[in-house]
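The values are calculated or read from the model by the stated rules, or taken from the named source; none is laboratory data. Keep in mind that this is a model prediction, so the values were computed, not measured. Every residue, glycine as well, gets a Cβ built from its backbone with ideal geometry; the counts of neighbours run over all protein chains shown. When the accessible area is computed, the model is the full protein with side chains, heavy atoms only, and any ligands, DNA or RNA have been set aside. Shrake-Rupley method; radii C 1.70, N 1.55, O 1.52, S 1.80 Å.
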Amino acid sequence: MENQAKPTIMIDYTGMMSNYQNPKGFKEEELLGLQNALDQAQVSLLTRRDAGELDFSKLLVHMKTELSEIIEYANSITPKFENFVVLGIGGSALGPLAVHQALNHYYYNELSPAERGHRPRFYVVDNIDPVRVNELLQMLEPSKTLFNVISKSGNTSETMAQFLIVRDTLRRVCGDSYAEHIVVTTDKEKGNLLPIALKEGYKRFVIPAGIGGRFSELTPVGLLAAAICGVDINQLLEGALVMDQQIRAAKGVSSNPAQLRAALALLSWQKGKNISVFMPYADGLKTMADWYAQLWAESLGKGYDRQGRAVHIGQTPVKALGVTDQHSQVQLYAEGPDDKVITFVAVQKFKESQEIPIDLELPEDIQFLGGRTLEELLFAEQKATEYALTLAGRQHQKIILPALDAYHVGQLLLLLEWETAYMGELLDINAFDQPGVEEGKNGTYALMGRQGYEARKRDIEEYGETRYVFGEEVS
Ligand code: PA5
């Protein structure tokens, strides 16, 4: 009940619609003309959900029952470790990073232990750059570190390689107690990580079977890291549930925010906007743009529709940050090719305010800033950018979060996941697979000599024989 009174996320899509400054925008009839397709998409999505798919929505209620175990474990390890490191990639890394940055102190790792509530520092290693991995292990004391290996498949080469390096280091440094430094988040029944975890006695959390990595933030994939770093995961889930219920129940673009966002995305795609820019005006949401880019790209960038016809479809997501990228990319958005649609994400009320000092001695051209706040300046710049884009005939919309707190971040995650699912339906593609990624994973297994991939290895080597290279290779 308490949460029903909480303000919800708003979407201001004035900048997408036709108006006196931008007559090229969409007409209301165009939006309403999609309603039949949206109704059908809703029936199809809810039917699939009832049949056991769409676990990102279906499992929310179940996850509520798992929260106590996650919180209990998080509290039990908090005083024991100085560092908490996630080893994972893609959907197993971007969500934990996005939620952490959105909700914790911006300089969380630099705070003193007392300022962090004696919670561990937080790192996500989502790459296999040897310098980075080495330097991290040199910098952290392994004996004071807990590593969370996250892999749904339990097979991903990058994560498994990181895991093997870390396990080896821990064995050398911690001896018999090394297993206490590893917690694994993986499938309940499948994958290569599971038997190792069982044999060596690691603490284990389960990624539910039907959920894809990029949709898994509100499972132990993201909830564990969030709880360990002090995020109120109850509120995170609560916000997600409220948004989920609204999206499942509401019909029509005026009451269903996922339908609205998907309809706007479809119209823009049909009108040649091949690029979707996601531009939050809050540093805390910078990595949310990374998470969203993966969600949009991997879910909707597809070669074939559900009938097997070649379609080669999908908007290219671009990550930007306001106001920083006003001084980097907005020139292109305003005057370059008209192939982009821009989503700003604004936070209505920042948790801190910062006043700009008044100094009457200064030249008048700077004095106007004195006595105003940084957030006023940021809001003004965002509004001014909207205005400039409208004048340039460019379309944009704005997702408005009342506050950057756990409840509204939960809402945002669900909104973006549902809009992606809707867009998949409207484009008649499978938004939940990633065959293009799997191909690369298999190629890596082949080149690294995994058994069973010999034919593919020969294929890749043959393909690599004819080469056009400028410059000499360093041997
Ligand atoms: O969204 C996805 O499914 C992918 O990005 C995966 O999360 C990523 O490839 C890592 O896979 P896994 O969690 O199986 O190691």
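Quick notes
- Solvent-accessible area, 1.4 Å probe, carbon plus sulfur percent, for the chain: 53 percent
- Phi-derived couplings, Karplus 6.51 cos²θ - 1.76 cosθ + 1.60 at θ = phi - 60°, listed residue by residue for the stretch 268-277: 5, 4, 5, 9, x, 8, 7, 10, 10, 8 Hz, with x used for Gly and Pro.
- The charge dipole of the chain, taken about its Cα centre with unit charges on the Cβ atoms of Lys, Arg (+1), Asp and Glu (-1) only, comes to about 1160 debye.
- The residue list Leu241, Gln451, Asn256 was ranked by how far each Cα lies along the charge dipole of the chain toward its positive end, using unit charges on Cβ atoms, and Gln451 comes out on top.
- Accessible area of the stretch 17-110 divided out per residue, in Å², using a probe of 1.4 angstrom: 48 Å²
- Modelled FRET efficiency - R0 41 Å, Ser68 with Lys457, Cβ distances, 0.05 increments: 0.30
- With the simple spin-label model, which puts each label point 7 Å out from Cα in the Cβ direction, the Ser255 to Tyr304 separation comes to 4.0 nm.
- Peptides 312-323, 346-357 ordered by packing proxy, namely the average of other Cβ atoms within 10 Å per residue, highest first: 312-323, 346-357.
- Over every Cα atom in the chain, the radius of gyration and the widest Cα-Cα span, Dmax, amount to 23.8, 76 Å.
- Estimated dipole of the stretch 150-247 in Debye, rounded to 20 [Cβ of Lys and Arg +1, of Asp and Glu -1, Cα centre]: 360 debye
- Calculated P(r) tail over 14 Å for the stretch 426-466, as whole % of Cα pairs: 56 percent
- Beta-bridge orientation, the chain: approximately 15 percent antiparallel, per DSSP, counting only bridges with both partners inside.
- Centre-to-centre separation between the Cα atoms of the stretch 284-328 and those of the stretch 11-38: 22 Å.
- Dipole magnitude for the stretch 55-234: computed about the Cα centre from +1 point charges on Lys and Arg Cβ and -1 point charges on Asp and Glu Cβ, it is near 240 debye.
- Ranked by the mean number of other Cβ atoms within 10 Å per residue, highest first, peptides 293-301, 445-453, 36-44 order as 293-301, 36-44, 445-453.
- Computed from phi, the 3J(HN,Hα) profile of the stretch 253-267 under the Karplus parametrisation 6.51, -1.76, 1.60 (θ = phi - 60°) reads 5, 7, 10, 10, x, 6, 5, 4, 5, 5, 4, 5, 5, 5, 4 Hz, with x in place of Gly and Pro.
- Three principal axis extents of the stretch 55-234 based on alpha-carbon atoms, in descending order, are 42, 37, 28 Å.
- Comparing Met63, Pro130, Val311 along the charge dipole axis of the chain, the residue lying farthest to the positive side is Met63, per the Cβ-charge model.
- Entry comment: accessible area of the stretch 371-437 is 30 Å² per residue, from protein heavy atoms only and a probe of 1.4 Å.
- Report note on the peptides 233-245, 124-136, 7-19: ranked by the mean count of other C-beta atoms within 10 Å, highest first, their order is 233-245, 7-19, 124-136.
- Cβ-Cβ distance of His312 and Asn234, R₀ of 51 Å, FRET efficiency by 1/(1 + (r/R0)^6): the value works out to about 0.75.
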